[in-house]
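Report on the structure given below.
The values are calculated or read from the model by the stated rules, or taken from the named source; none is laboratory data. As the structure is a prediction and not an experimental result, all values here were calculated from the model. Glycine gets a Cβ as well: all are built from the backbone with ideal geometry, and neighbour counts include every protein chain shown. The protein model used for the area step is the full one, side chains on, heavy atoms only, and it has no ligands, DNA or RNA in it. Shrake-Rupley method; radii C 1.70, N 1.55, O 1.52, S 1.80 Å.
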Amino acid sequence: MLGIERDGEMEIKFNKQEETFSFYSGNGDAINRKTEIRFDPLTGETSRIIFDAGLTLTPPDYSEAARQTGGKNCPFCSENIFYMTPVFPNNITNKGRIQHGEAIVFPNLFPYSKHNGVVVFSGQHYVKLQDFTAEMIKNAFLAAQHYIQKIIETDSAVKYVSINWNYLPEAGGSILHPHLHVIGSETATNYQQQVNNAVQAFEQTNGHAFFEQLSVVEKKIGERWIGEIGEVAWMHAFAPKGHNDFLAIFRNKQSIFDISQDDWEHFATGLKLIFNVFKEQGFTSFNLLTHLSVDPNAKQTPHMRIIPRFTIGGLNTSDINYFQALHQEPLSYKYPEAIAEIARKYFN
């Protein structure tokens, strides 16, 4: 057990336990395989670090698919976006859609929630991981923030918001053209509810915000700490939800309303560095979640999580199986501390 002590009490605990499976090869050689079970320091949820037989990936190339699906065939491309996408009511914007730079926000035709905006990054149909610019990322998240602010102004019942990204088909992206999903709801997702409850309990017990404290603790320990750009701190999650699980914390912020344009620029710069870490490992696809509070008094420090997605082998086997899908127990072939070490060289 690892932790940081304050006034004689352990504030943040990093608990883990090991299990070993012993068996024999066909030749009679003893084999021992270790599984490490880690407990999330906020929620107590478990995840497992499992034996890595040597994960090697062949990154897919969607260039041909992009040629077939882009231009006149894509509702998000420049020649179609103002004709083939729906528009918001006037209380959101009297221009139909929200724009910031090249980024454009419009309603999702197939919404996941009471409010669901789609943010298209730019007119470029297929953007490879290494080709995203900080400006593209910054503008997309600023446009998403603007939409969320309009939601909150016009619908006081909305209590839960998030900015989300499925990048490429391996991560559930149904359109190659890069886009975000912005969700606003009266009801929390399971992740939002667990985090909100646990953060509130931590604040009541310890007197300060969990994610602010986590950034301090992880920087002091150093094992999973990656770096910081402006007031955005980057680290790897102790109990990962995927084979990498990078966490960005917007320090000294209480809600989405506190995040400035400079913060989004610093975030975008760090995210591009994380893309380099993915590329080095052969990952090209990911899921991203940005957890945002709309209550400035809730001490809900905004944070982002990003995990890679991929398929394995000639059968294109999904990286998610019964363990993650039904047991709801994340698995990782990679040790967080080893991945953080790879990431630090890019930030340094």
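If I filter segment 301-320 for residues that are part of a loop (DSSP other than H, G, I, E, B), touching a His at 6+ places or on another chain (Cβ under 8 Å), in contact (Cβ under 8 Å) with a residue 12 or more places away in the chain and surrounded by fewer than 20 Cβ atoms within 10 Å (Cβ to Cβ), do I get at least one hit?
So far as segment 301-320 goes, no, none of its residues is part of a loop (DSSP other than H, G, I, E, B), touching a His at 6+ places or on another chain (Cβ under 8 Å), in contact (Cβ under 8 Å) with a residue 12 or more places away in the chain and surrounded by fewer than 20 Cβ atoms within 10 Å (Cβ to Cβ).
Determine whether segment 106-113 contains at least one residue that is open to solvent by 20 Å² or more (accessible area, probe 1.4 Å), of a type in the set (G, A, S), touching a strand residue (DSSP E or B) at 6+ places or on another chain (Cβ under 8 Å) and not in a helix (DSSP H, G or I).
Let us first name the residues in segment 106-113 that are open to solvent by 20 Å² or more (accessible area, probe 1.4 Å), namely 107-113.
Checking which are of a type in the set (G, A, S) leaves us with 113.
The next check asks that each one be touching a strand residue (DSSP E or B) at 6+ places or on another chain (Cβ under 8 Å); those that pass are 113.
Among the residues that remain, those that are also not in a helix (DSSP H, G or I) are: 113.
So far as segment 106-113 goes, yes, one or more of its residues are open to solvent by 20 Å² or more (accessible area, probe 1.4 Å), of a type in the set (G, A, S), touching a strand residue (DSSP E or B) at 6+ places or on another chain (Cβ under 8 Å) and not in a helix (DSSP H, G or I).
Taking strands (runs of 3 or more DSSP E) that do not extend beyond segment 225-267, which have at least 3 residues that are surrounded by fewer than 22 Cβ atoms within 10 Å (Cβ to Cβ)? So that I can check it myself, show each step before the final result.
Numbers: elements: 225-229, 232-236, 246-250.
Passing ranges, in order: 225-229.
Just to be sure, is V217 more than 17 Å from the chain's Cα centre (by Cα), modelled with pLDDT of 95 or more and assigned to a helix (DSSP H, G or I)?
Values: more than 17 Å from the chain's Cα centre (by Cα): yes; modelled with pLDDT of 95 or more: yes; assigned to a helix (DSSP H, G or I): yes.
Taking the combined requirement at face value, the residue satisfies it.
With respect to I151, is the statement that it is assigned to a helix (DSSP H, G or I), touching a Gly at 6+ places or on another chain (Cβ under 8 Å) and among the β-branched types (V, I, T) true? Walk me through how you get there before you give the answer.
Working: assigned to a helix (DSSP H, G or I): yes; touching a Gly at 6+ places or on another chain (Cβ under 8 Å): yes; among the β-branched types (V, I, T): yes.
When the stated conditions are applied, I151 passes them.
With assigned to a loop (DSSP other than H, G, I, E, B), of a type outside the set (G, A, S), modelled with pLDDT of 95 or more and surrounded by 21 or more Cβ atoms within 10 Å (Cβ to Cβ) as the only criterion, which of I137, I92 stands out? Reasoning before the result, please.
Details: I137 fails: assigned to a loop (DSSP other than H, G, I, E, B).
Criteria check complete, one pass: I92.
Could you tell me which residue of segment 321-336 is nearest to N196 (Cα to Cα), considering only residues that are under 18 Å from the mean Cα position of the chain (by Cα), surrounded by fewer than 19 Cβ atoms within 10 Å (Cβ to Cβ) and among the polar types (S, T, N, Q)?
Q328
Which residues, taken from segment 151-182, are under 19 Å from V87 (Cβ atoms) and either in contact (Cβ under 8 Å) with a residue 60 or more places away in the chain or crowded, with 19+ Cβ neighbours inside 10 Å (or both)? Even if it seems obvious, please write down each step before you answer.
Within segment 151-182, the first condition is being under 19 Å from V87 (Cβ atoms), and the residues that meet it are 151, 153-155, 175, 177, 179-182.
Of everything in segment 151-182, those that are under 19 Å from V87 (Cβ atoms) and either in contact (Cβ under 8 Å) with a residue 60 or more places away in the chain or crowded, with 19+ Cβ neighbours inside 10 Å (or both) turn out to be I151, T154, I175, H177, H179, L180, H181, V182.
Take the conditions closer than 23 Å to I163 by Cβ and in contact with a Ser or Thr (Cβ under 6 Å, 6 or more places away or on another chain) and apply them to N91. Does it pass?
Numbers: closer than 23 Å to I163 by Cβ: yes; in contact with a Ser or Thr (Cβ under 6 Å, 6 or more places away or on another chain): yes.
Criteria met by N91.
Among the residues of segment 40-64, which ones are part of a loop (DSSP other than H, G, I, E, B), open to solvent by less than 70 Å² (accessible area, probe 1.4 Å) and not β-branched (V, I, T)?
To start, the set of residues in segment 40-64 that are part of a loop (DSSP other than H, G, I, E, B) comprises 40-45, 50-62.
Filter once more, so that each one left must be open to solvent by less than 70 Å² (accessible area, probe 1.4 Å): 40-45, 50, 52, 54-55, 57, 59-60, 62.
Within segment 40-64, D40, P41, L42, G44, E45, D52, G54, L55, L57, P59, P60, Y62 qualify.
For residues that are within 17 Å of the chain's Cα centre (by Cα) and over 15 Å from R97 (Cβ atoms), scanning just segment 114-134, find the one that is most open to solvent (accessible area, probe 1.4 Å).
Across segment 114-134, the extreme among qualifying residues is A134.
May I ask you to list the residues in segment 167-201 that are β-branched (V, I, T) and in a helix (DSSP H, G or I)? Break it down stepwise before answering.
Going through segment 167-201, the residues β-branched (V, I, T) turn out to be 175, 182-183, 187, 189, 195, 199.
Scanning segment 167-201 gives V195, V199.
Tell me yes or no: at least one residue of segment 31-39 is modelled with pLDDT of 95 or more and assigned to a loop (DSSP other than H, G, I, E, B).
No; the residues of segment 31-39 include none that is modelled with pLDDT of 95 or more and assigned to a loop (DSSP other than H, G, I, E, B).
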